[in-house]
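The values are calculated or read from the model by the stated rules, or taken from the named source; none is laboratory data. Just so it is clear, the model here is predicted, and its values are computed rather than measured. Cβ coordinates were reconstructed from backbone atoms using ideal geometry, including for glycine residues, and neighbour counts include every protein chain displayed. Calculation scope for accessible area: heavy atoms of the full protein, side chains included, ligands and nucleic acids excluded. Shrake-Rupley method; radii C 1.70, N 1.55, O 1.52, S 1.80 Å.
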Amino acid sequence: MENAAENAQSEHQRRIGEQIAQYAKTENMHAQLPDMFSYWQTKYFGPRYRALTGTKNFLELYVSVFVDRIRRTGNKRVASLGSGDGAVEVQIAARMREEGVEDFEFHLIELSPIQNDRAKAKAAELGLEAHFIPVECDFNTWRAGQPFAAVMAHHALHHVLDLEHLFQAIHDGLEDEGAFVTFDVIGRNGHMRWPEAYKLINLMWHFLPPEKRRHHLLNRLDEDFFNHDCSTQGFEGIRAQDILPLLVRTFEFEVFYAFGNLIDVFTSRGYGQNFSTKDPRDLAFIDFVEELNELLLEQGYLKPTRLCAVMGKHKIANPRFYRGWTPEQMVRQPD
């Protein structure tokens with residue numbers, strides 16, 4: 001038993017080292033998305049998202065929720081889990097100040113001291129350093145030492161191993177009227193495709209010419225779609241498929257927008273650069289994949305791979321769900 005525990009701890013430390021090293025040289029964590037992703041985002045994601053949330057983008061949603069909960073609870077503290085280099089959080093803080101909220105604390109819960117240093121530098125550039133409290137911590141063990149008006153996790157949950165602990169810690173750390181906001185990836189572990197999606201993608205794959213099947217990050221031609229498991233290094237997608245069912249178990253949803261699956265592959269960093277927004281045939285193909293994706297989500301044959309959600313401790317009278325799709329309906333149960 002002791003050897004098993006020691007091995008597990010050693011494996012965890014190995015992954016922590018890989019996780020820190022993975023982003024040590026990454027100056028912009030949200031860059032390098034292909035033009036076709038922007039096309040899809042503008043034509044499909046954007047209008048649906050704005051209609052549901054009443055905000056133009058993720059920054060506005062975070063700001064609107066934070067400002068509302070600070071004023072509603074009288075608590076000036078907000079937290080970001082897995083804050084990375086703080087680029088998103090600094091923009092949120094600047095906009096909160098524009099909204100007239102001057103007295104607030106932004107706690108940055110981040111594993112990497114390198115990223116925390118970058119976050120402090122970004123805050124200082126905008127004269128916001130007094131609002132930020134960097135906390136070097138593994139969020140698999142984090143607990144709130146004091147209550148928060150709101151907590152955010154921006155594309156960070158899919159790096160968490162102990163989701164049960166973290167979600168309960170967030171729930172316990174929120175004010176009674178506090179909110180938890182997240183944008184994240186909820187597909188199969190390691191960002192793999194589930195069998196039903198893999199089958200459809202591979203069928204389309206063999207109709208595509210070779211130049212559309214080149215993986216740009218790995219610099220190779222894939223004869224079949226490469227269903228890569230990203231979780232073998234660091235914590236990438238380590239328990240992605242467990243995020244939504246555990247959120248359902250722990251929180252009450254106020255806003256829920258679930259999307260993505262087939263379309264992710266053809267707009268990703270790996271393959272998305274093969275498709276040109278200047279080629280009508282490429283645009284028609286992306287339109288086809290998105291319409292098929294939406295149809296199969298509606299029928300329940302596919303389940304979404306990404307989500308945007310605002311959650312709290314208590315049910316509200318009129319939650320906003322895209323197309324009426326409830327969080328429970330969108331859970332993909334493992335075989």
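Just subtract the alpha-carbon distance of GLN91 and GLN32 from 0.36 nm times their residue separation and send over the number in nm, one decimal. Walk me through the numbers before you get to the answer.
Details: separation 59, 0.36 × 59 = 21.24 nm, distance 1.93 nm.
Here the segment from GLN91 to GLN32 would lengthen by 19.3 nm.
State, to one decimal in nm², a quarter of the convex hull surface area for the C-alpha atoms of the range 201-299, i.e. the direction-averaged projected area.
Numbers: hull surface 33.6 nm².
Reported value for the Cα convex hull: 8.4 nm².
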- Summed residue charge, Cβ within 13 Å of GLY46's Cβ, Lys/Arg positive, Asp/Glu negative: +2
- Quick one: what are the phi-derived ³J(HN,Hα) couplings along the range 120-126, Karplus 6.51/-1.76/1.60 with θ = phi - 60°, whole Hz, x for glycine and proline? 4, 5, 5, 5, 5, 4, 9
- Query: What are the semi-axes of the equivalent ellipsoid of the chain, taken as the square roots of 5 times the eigenvalues of the Cα gyration tensor, listed largest first and rounded to whole Å?
  - Reply: 32, 24, 21
- Message: Which lysines, if any, have their Cα less than 19 Å from the Cα of LYS76, not counting same-chain residues under 8 positions apart?
- Response: LYS313
- Task: Name the aspartates and glutamates eligible as straight-distance cross-link partners of LYS122: C-alpha to C-alpha under 13 Å, and not fewer than 8 places from it in the same chain.
- Result: GLU27, ASP85, GLU89
- In whole Hz, the Karplus estimates of ³J(HN,Hα) for the range 198-212 (6.51, -1.76, 1.60; θ = phi - 60°; x where Gly or Pro) are 4, 4, 5, 5, 5, 4, 5, 4, 7, 8, 8, x, x, 5, 8
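Calculate the FRET efficiency for ASP68 and GLN146 from the Cβ-Cβ distance with a Förster distance of 22 Å, rounded to the nearest 0.05. It would help to have the intermediate numbers written out before the result.
On the way: r = 20 Å, r/R0 = 0.91.
That pair, ASP68 with GLN146, gives E of 0.65.
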- Between LYS199 and LEU292, what is the spin-label point distance in nm, taking each point 7 Å from the Cα along the Cα→C-beta axis? 1.4
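Sequence gap at least 6, Cα distance under 8 Å: using those rules, report the relative contact order of the chain to the nearest whole percent. Intermediate values should be presented prior to the final figure.
Numbers: 572 pairs, mean separation 64.4, N = 335.
Reported as a whole number, the value is 19 percent.
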- All lysines inside 18 Å of LYS43 as judged from Cα atoms, apart from same-chain residues fewer than 8 positions distant: LYS56, LYS278
- The answer for ARG306, listing residues at least 5 apart or on another chain whose modeled amide H is closer than 5 Å to its amide H, is ILE186, PHE259
- Label-point separation, SER276 to ASN318 (7 Å along Cα→Cβ), nm: 4.8
- Hey, any idea what % of the range 206-321's accessible area is carbon plus sulfur with a 1.4 Å probe? 52
- Query: Taking only protein heavy atoms and a 1.4 Å probe, what accessible area per residue, in Å², does the range 101-161 have with all protein chains in place?
  - Reply: 42
- Message: Using Cα-Cα distances under 8 Å and only pairs 6 or more residues apart, what relative contact order does the range 136-283 have, in percent?
- Response: 27
- Query: Along the positive direction of the dipole of the chain (beta-carbon charges: Lys, Arg +1; Asp, Glu -1; about the Cα centre), which of LEU302, ALA179, ILE92 reaches farthest?
  - Reply: LEU302
